[in-house]
Structure formats: C-alpha cells, structure tokens
Amino acid sequence: MPNVSFFSFNPDSRANRIERFLVTQRTDLPEDPRRWLNVRGPSEAMTQIDLVAGARGVAVEVPATRAKDFNYRRSFKQGLPPEIRTTAKLLREVLTMTAREHLDFAIALDWYKIPDPDVEANNWRNTDVGELVNRSKYRESRASAIQLVDKIQEIVETHPLLKRAEYLATVPGHNADGKSFGERLARTIAKRTGKTIMQTTCPSGRRDQQKSGQAPSLDGLFEMPQTLWGEVVIIDDVYKSGATMNAVGLAARQAGADHVYGLAAVRTMRK
C-alpha cells in the first residue's frame, strides 16, 4: 500500500480559527504536573499561544497517533497556565488573519458576511457582528454601536496579550481627519479599557481609496505622534486586505513598539 500523507489542518488564505484543542497528561503518573496542549489550527494562532506562554511552553512533536487530529503540541512542565486555556478557547471563536510583515498577529471577531452558494454575493446576509458594524457605521445606530463596543471590549479584556498592552492605535480613514468610524471606535475602546490612545497620523493628507482586489503597500504613509514602547493594539472596524493595518503596524514599530497586534470587528470575505 502506498504511503498516504494526511494533513491535520488546511488553512484558508484569508483567516482561520482553531478547529480544536485538547489538554492531556500522563495517565501512569497522575501526580505529574506536566500538561500537553494539542492544537489543530493555523500557525498564527500558535504564535499567540507561544507569546502568552513565553518560556513556560516548549514545542514538541505531535505523536504519530495524534498526527491526523492535531498539528501542534506544547509541553508545560509545571502544568497548564489558566491564560493558555483562555487563549485557546478564544481562538476557537475569533478569526486569526494570515501573517502580515509588521503585525505579530491580527484577529477579528467574525466574518462580515455569511456565504450562501444559492445567493449572489452582494446579497449575502451579514453576520451578527457584521450587522452591528453596518448599523453603527452607515445607519448611525447608537444601540448597535454600544453593542459593538461591548463585544470588542470583551475581546481586549479577555485576550491576555491585548489585555496587558498599554496602547491602542487608530487606523486613519481615507480623509485622514481623525473622524472615521474606525478611529472613533478605537478611541471609545481606549476610554473603556483605560489604555492610552495613539492617534495615527497621515502626513501626506487624504489617502487614496483602495480599489477592490488590490492590496498595495502603504508602508511609510503613516506616523505615530510620539515614541512608544512595549505592546500596541491597532483597532479598526473592517479588515480587508490588511495592507492599511500592516502599514500602521510599521509606523508603531518605527516609533518604538516591541510588539504590534491587530484587532478588527469584522473580516471581509474578499481581500
């Protein structure tokens, strides 16, 4: 019989969730505090888990008997820290975007739309979060805006890396006047969470509208108003290609940030 390769995880080029995780231990030595975290999911999710774990988690090979079910395993000699389980559970719910050069990672609460093969794409229904964005941004629904802020705040205060970050940064709108929906959303989240807001600037003024299907490099377009350090979370309402958030990430790093994380309300189906 020929050798057959099984892939435990098939990533989507747009965004992914952890499909499953399992915490195991030795059954022959129940008093042993060591735990193993087994994960089926994208590398970008493991980046987040590894950043939370630090030196406490060690990458080990997935046993052959588990290779079809999981593609990552981490060993925790002193037991599984509670925040690792919290992170893994959260990454089953939110979307993790594929890697971008200037971001350690970027996540979104959900997709914007619900795909339906029997309906034209322009008529796809919004997800619950997508509907909140739509009603808040285009219909100026205060009730929807409050619900959206509540949901984003919960993620910021649950994800260990976002929770400990001191700064939140805005993503300039196309007018670059500080008044876009995404910028106002970031300022509200900063006020709610007690974090310092960084109003990203666009020295060249109004930036060009990005055309659908294009993802040009915007590196060098944005600046931070002051020197940063530590961790920064970039907040935006909609993540499309990620080019704009990535460029803001570069500006944050040039200003001194050690780690840059992205958080958007929704991810579009198309780049």
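Below are the figures for this structure:
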| item | result |
| --- | --- |
| Cβ pairs under 6 Å, 6+ apart, first in segment 61-75 and part of a loop (DSSP other than H, G, I, E, B) and aliphatic (A, V, I, L, M), second modelled with pLDDT of 95 or more and surrounded by 14 or more Cβ atoms within 10 Å (Cβ to Cβ) | 62/70; 62/73 |
| Residues satisfying the stated conditions in segment 32-60, i.e. charged (D, E, K, R) and part of a loop (DSSP other than H, G, I, E, B) | 32, 34 |
| Candidates 190, 186, 257, filtered to the one that is modelled with pLDDT of 95 or more and in a loop (DSSP other than H, G, I, E, B) | 257 |
| Unique residue being over 17 Å from the mean Cα position of the chain (by Cα), open to solvent by 20 Å² or more (accessible area, probe 1.4 Å) and modelled with pLDDT under 95 when the list is 55, 67, 59 | 67 |
| Whichever residue in segment 151-190 is open to solvent by 70 Å² or more (accessible area, probe 1.4 Å), closer than 21 Å to residue 112 by Cβ and free of Cβ contacts under 8 Å to residues at least 12 places away in the same chain and, among such residues, is nearest to the chain's Cα centre (by Cα) | 154 |
| Of all residues in segment 8-44 being of a type in the set (Gly, Ala, Ser) and touching a residue at least 60 places away in the same chain (Cβ under 8 Å), the one that is most open to solvent (accessible area, probe 1.4 Å) | 13 |
| Which listed residue, of 86, 96, is among the hydroxyl-bearing types (Ser, Thr, Tyr) and buried (at least 17 other Cβ atoms within 10 Å of the Cβ) | 96 |
| Test result for residue 204, open to solvent by 30 Å² or more (accessible area, probe 1.4 Å) and at pLDDT below 95 | yes |
| Members of segment 144-168 found to be over 10 Å from residue 195 (Cα atoms) and either at pLDDT below 95 or hydrophobic (A, V, I, L, M, F, W, C) (or both), listed by number | 145, 146, 148, 149, 152, 155, 156, 161, 162 |
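Residue by residue, here is whether (1) modelled with pLDDT of 95 or more; (2) assigned to a helix (DSSP H, G or I); (3) under 21 Å from residue 183 (Cα atoms) holds:
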position: 89; (1), (2), (3): yes, yes, no
position: 92; (1), (2), (3): yes, yes, no
position: 106; (1), (2), (3): yes, no, yes
position: 134; (1), (2), (3): yes, yes, yes
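The rows are residues; the columns are (1) under 21 Å from residue 165 (Cα atoms); (2) at pLDDT below 95; (3) surrounded by fewer than 24 Cβ atoms within 10 Å (Cβ to Cβ).
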site: 195; (1), (2), (3): yes, no, yes
site: 209; (1), (2), (3): no, yes, yes
site: 221; (1), (2), (3): no, yes, yes
site: 229; (1), (2), (3): yes, yes, yes
site: 241; (1), (2), (3): no, yes, yes
site: 247; (1), (2), (3): yes, no, no
site: 252; (1), (2), (3): yes, no, no
site: 262; (1), (2), (3): yes, no, no
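The values are calculated or read from the model by the stated rules, or taken from the named source; none is laboratory data. Note that the structure is predicted; figures quoted are calculated from it, not measured. Here Cβ is always computed from backbone atoms with ideal geometry, including for glycine, and neighbour counts include all displayed protein chains. Heavy atoms of the whole protein, side chains included, go into the accessibility calculation; ligands, DNA and RNA do not. Shrake-Rupley method; radii C 1.70, N 1.55, O 1.52, S 1.80 Å.
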